[in-house]
Each structure stands twice: as structure tokens, then as C-alpha cells.
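The values are calculated or read from the model by the stated rules, or taken from the named source; none is laboratory data. This one's a predicted model, so the numbers in the text were calculated from it and none came from an experiment. Cβ atoms come from the backbone with ideal geometry, glycine included; neighbour counts cover every protein chain shown. Keep in mind that these areas ignore ligands, DNA and RNA; they rest on the heavy atoms of the full protein, side chains included. Shrake-Rupley method; radii C 1.70, N 1.55, O 1.52, S 1.80 Å.
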Amino acid sequence: AGRLAYEAVETKEGVDEEGEGSSKVWMVATSRVEVRRWACVGKVMLVAGLVAVAVSVAWSQAAGPKEDELGKVRWGIAGLGRIAHDFAAALESRGGSVAAVAAGSLPDSEARAEAFARQFGVKRFYGTYEELAADVDVDVVYVATTNQLHRNVSLLFLRAGKHVLCEKPTGLSAAEALEMLREARRRDLLFTTNFWTMSFPATRWALRDVIRRDQIGEVLAVRGDMAFEAVYDLQDRFLSSELGGGAVLDMGCYVVHFFVHVVAASVARSPREVLPTRPDLALTPADIAAPFLQPILNHSAPLPRLRSARVSVLATGHLLDGLDNPVDVEAAAAVDFAGVRLLLGTSLQRASPFTIEALGADGLVRLEPPANCPETATLDRYRDANLPTRNLVLPCCGQPRLEHRTFHRPLDPYPARYLPQEYPNAMGFVYAAAALESCLTRATPDAPCLELDHVPAWTQLATQLIADEIISQIRRVADTY
């Protein structure tokens, strides 16, 4: 400001020739006294700016790591297929540390592990999962095996003292999920399922800023559909029962897991009810008996209302023909949990809008496609039909829309050197990995990292139990074709 004032005075004679322009300059600085005053103002502004920068830096440090900050823990990867490729690409491109990899379930496993390690610049590779478990320079293992191996491989790493991020589904049954969670809790380790949907900013905005803050009123229903036409290959995981395939475990579990979180967020609108930090998992597989889901909720539900909530499931679907143990390839289910209803569609035979919506009395929030890894969420708020309408004429079957809002957080481009990309929005793995790293680095001996805030243990169990019941009902009533 001081420099501008001096320049204005020095150029007074030149500007004066322009006539009207000189009066404008002299309004800025008409005397040496004003110049000094402006110089003082400039100094004050400079000091204030420096203070603001210092405060901003201090605040960002106090606030902790960013939601996508990586590089604080040493990763191992077990199972080196398509999804592991995208996970490694996302981590490496954002500074994550992959210390070792292992391919242990297919022929030529060591050669496959070496090729994978060479592609991503990983120093150590193994042909067995046991060798990776023995690596003392690995803190956490991403288990990206096919579904039928999740239990055994995760238990192997937990018993070796490693934290585990297990790809969804948690297991092939609630009994398997419970066993892994209990093993981790016994050892003060983190075991969590990679329901990466919950780590996306769009999903967290929908749950935290919309539903918990009562932007759409009482949530009454969730509607979601996720499907695609899988290539008919019985050796691939999608259609193989031996590999833990099927539509519900592959895509439907995303919708169910989001539904469970919506129920919790909806109930949590009451300020008197709080989420626990360490739910009790002291259960045995035998506890997972009728009435469906009740034993889990009695011990580990996050809210008082959910501990007494009942869950009802009505499901139908189709099984793949021509197999001794066919998988579900089409599923439709209605679930009622604590007064919130889920309408679920999932398939391995058809197209899908790939959206999930939470529907409230006064609006709806939607995860836009692909809803399992959304960059975008939208909110539509409507006028409460019970409020006085004054002179407003309402249509017989509609409410006036008050607001339409969009939340969008784009992902970084997929690194070209690792193309082809295997899954949509694969760079979103950064969010899931960073949330886990943040939890582990903030842990202390007195407060270990036992679960992630956005994927509590009870939600993994509840999701698996509901998925189990849907599959069980389809197997009982489906027409095999």
C-alpha cells in the first residue's frame, strides 16, 4: 500500500495531463503525510498476513493429516490380482509405502509376485503368504485374495502381529467375520473390511452433513441397485462358488453396508445417543442364532434403540444353472431395520443405474454413479407438506422442491504408467488407505487403533449377517435356471 501511494505521488504530473485521471490519483494520496500513513498501513497488513500464515500452518498441523495423506506405515499386499493392481497404483502414486507383496494361491506364485513387485518398484516379493507374514518390516497387510481365502489369510497375518485391511466381503459368513474381528481384538490389532465407499468424501457428506444434521427429516427408506453383466467364466471369482462368488457378496454388500450406516446416522440424530468407541465382540459363532441379528446387536449395537431393534428380511432371486453349488446371479431384497427399510437390487446379469438413495420425509440424498466409489452426491430438499400452505397450490402427489445441492470431490487421474485401470475410480483407494494410516499413527499403547471411525466393527458384522440371510432365502426359494 505504501509503495502504491508513493508511485501515485511521483506520477502526479504525468497523470495530470489526462485531466480527470489526476483527481482520482490525488484522492488516493494528496500529501506526503498521507503517503506515510499508507506506508504504515502497508506494514500492518504485511505483519497481519504473516501472522495469518503462521496461524494457518499451526492449525493445519494441529488438525492432523489430510484425508488422503499417505506414507506413514509400511504396507504388504497379499493376493496380486486386478484389485491389488489398482490398490498398489493408487498408493504408489500418492507416496504410500508398499514394502512387500506375496502371491500364494496360484501356480508360479513367486514369478507373479516378482513381476508385480517390479512393476510397482517394491523391493521384496514372496511366493507364499507365510513368508509375507514373517516379514518384520510390514505393518499392515491388504488382503486382496479371492473371497474364500479371506478368513484363513487374514487370520495368518493377525496371528503374525500384522494389522489387516481385508477386501470386501469380510468373509463367506458372519461366523467367519466374527472370528477375524475377535482375533484382532484379542491382539489389540486392527482388522477392517475395505468398504471403501464409506471413506469417500461424498459418502461422508451424505451421512454426516445431510442425514445426521436432519437435512431430509426422518429417514424412512434406502434404495440401491448395483449390477453388471459378468463374463460367463466359471473360473473367475464372480460366478464361482468355490471362490466365494455371487451378486450379493460382490456388489449387494455395498448397498447393505451403506444402509446399516444410514440406520445408525438416522437414529443418531438424537443428541442423547452416542456411538461407543470399542464395541464388545465377546460372542461365539453359536450366538448368531434366531432371532436373526439380535445377538450381535445386543452386544455391539452403537445406539440404545438399535440394541432392541429387530431385523426382517424378505428376499428372492435366481441361481446360476448347471453347477452343483450355484451362486446367486440375481437378487432382490426388502430389509427392515429399526424402522428404516432397504430396497435392494443386485445382479451379475444386467445393467444398473449404480445409485444409492436415502429417502427422508423432507428430501433425499443420492450417491451418484458409481455409488460404491462416488465422487458426487446430491441433495434435494422439499417443503414439509404439513406446514401451512398459505396461498401455495400443491399438486396432489408432490412437494415443492426448496433446494438442490451437489457435493463433488474429483479424484486424481489414474497414473498413466500403470494403465490399464481395472476398476472405476480406483484412485479412491487412497481415501481408505489414508484413513487406516491415520488411525494407526495416532494410536497409543493405552488407546490402540482397533477400528476405523467410518467402518465400525458392528457395521461389518451386521452387513455380513444381512447378506447371509438374503443368500440363504434365495437358495431356499429360487428357481434354478
| query | Among the numbered criteria (1) surrounded by fewer than 24 Cβ atoms within 10 Å (Cβ to Cβ); (2) over 27 Å from Arg151 (Cβ atoms); (3) touching a residue at least 12 places away in the same chain (Cβ under 8 Å), which single criterion is violated by Val222? | reply | (1)
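So which of Ser105, Ser154 is under 26 Å from Gly246 (Cβ atoms) and part of a helix (DSSP H, G or I)? Working first, answer last.
Details: Ser105 fails: part of a helix (DSSP H, G or I).
That would be Ser154, the only listed residue that is under 26 Å from Gly246 (Cβ atoms) and part of a helix (DSSP H, G or I).
Residues are listed down the side, and each one gets a yes or a no for (1) touching a helix residue (DSSP H, G or I) at 6+ places or on another chain (Cβ under 6 Å); (2) hydrophobic (A, V, I, L, M, F, W, C):
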site: Ala416; (1), (2): no, yes
site: Gln421; (1), (2): no, no
site: Asn425; (1), (2): no, no
site: Tyr431; (1), (2): yes, no
site: Arg442; (1), (2): no, no
site: Ala447; (1), (2): no, yes
site: Leu450; (1), (2): no, yes
| List, please: which pairs have Cβ atoms under 6 Å, are six or more places apart or on different chains, and start with a residue in the stretch 448-466 that is without any contact (Cβ under 8 Å) to a residue 24 or more places away in the chain and end with one that is aromatic (Phe, Trp, Tyr) and open to solvent by less than 10 Å² (accessible area, probe 1.4 Å)? | none
| request: Kindly check whether there is at least one residue in the stretch 443-457 that is at pLDDT below 90, among the hydrophobic types (A, V, I, L, M, F, W, C) and either closer than 15 Å to Ala206 by Cβ or crowded, with 23+ Cβ neighbours inside 10 Å (or both). | output: yes
| note | Per the filter on the stretch 112-149, residues closer than 16 Å to His85 by Cβ, open to solvent by 60 Å² or more (accessible area, probe 1.4 Å) and in a helix (DSSP H, G or I) are Arg112, Glu114, Arg118, Gln119
| query | Within the stretch 59-74, is even one residue open to solvent by 80 Å² or more (accessible area, probe 1.4 Å), under 30 Å from the mean Cα position of the chain (by Cα) and modelled with pLDDT of 55 or more? | reply | yes
| field | Per-region count, the stretch 400-449, residues closer than 27 Å to Met251 by Cα and hydroxyl-bearing (Ser, Thr, Tyr) | value | 5
| said: What pairs come out if I take residues in the stretch 318-347 that are outside any strand (DSSP E or B) and pair them with residues that are open to solvent by 50 Å² or more (accessible area, probe 1.4 Å) and of a type in the set (A, V, I, L, M, F, W, C) whose C-beta lies under 8 Å away, six or more apart or interchain? | reply: Leu323/Leu234; Gly339/Leu220
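For residues that are of a type in the set (Gly, Ala, Ser) and open to solvent by 20 Å² or more (accessible area, probe 1.4 Å), scanning just the stretch 415-437, find the one that is nearest to Arg118 (Cα to Cα). Walk me through it before giving the result.
Of the residues in the stretch 415-437, the ones of a type in the set (Gly, Ala, Ser) are 416, 426, 428, 432-435.
If we keep only those that are open to solvent by 20 Å² or more (accessible area, probe 1.4 Å) too, we end up with 416, 435.
Values: Ala416: 16, Ala435: 27 Å.
This residue is Ala416.
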| query | Among (1) farther than 30 Å from Ala175 by Cα; (2) at pLDDT 95 or above, which single condition is Leu402 missing? | reply | (2)
| Any idea which of (1) touching a residue at least 12 places away in the same chain (Cβ under 8 Å); (2) within 27 Å of Leu239 (Cα to Cα); (3) of a type in the set (Asp, Glu) is the one Glu130 doesn't satisfy? | (2)
| note | Only one of (1) among the polar types (S, T, N, Q); (2) out of contact with any His (no Cβ under 8 Å at 6 or more places or on another chain); (3) modelled with pLDDT under 95 does not apply to Gln421, and that is (3)
| Which numbered condition Val231 fails, given (1) modelled with pLDDT under 95; (2) part of a helix (DSSP H, G or I); (3) surrounded by fewer than 22 Cβ atoms within 10 Å (Cβ to Cβ) | (2)
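For every residue, the table says whether it meets (1) out of contact with any helix residue (DSSP H, G or I) (no Cβ under 8 Å at 6 or more places or on another chain); (2) β-branched (Val, Ile, Thr).
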site	(1), (2)
Val141	no, yes
Arg151	no, no
Phe157	no, no
Ala160	no, no
Cys166	no, no
Glu183	no, no
Thr193	no, yes
Met198	no, no
Ala206	yes, no
| task | Output the residues belonging to the stretch 85-118 that are under 19 Å from Leu70 (Cα atoms) and among the aromatic types (Phe, Trp, Tyr). | result | Phe87
| query | Here are some residues: Leu165, Leu178, Leu189, Leu156. Which one is touching a Gly at 6+ places or on another chain (Cβ under 9 Å) and either surrounded by fewer than 23 Cβ atoms within 10 Å (Cβ to Cβ) or within 30 Å of Thr376 (Cβ to Cβ) (or both)? | reply | Leu189
| Subset of the stretch 75-108 [at pLDDT 95 or above and touching a Ser or Thr at 6+ places or on another chain (Cβ under 7 Å)] | Trp75, Ala78, Gly79, Ala102, Ala103
| said: Filter the stretch 192-201 down to the residues that are over 24 Å from Phe238 (Cα atoms) and either surrounded by fewer than 24 Cβ atoms within 10 Å (Cβ to Cβ) or among the β-branched types (Val, Ile, Thr) (or both) and list them by number. | reply: Pro201
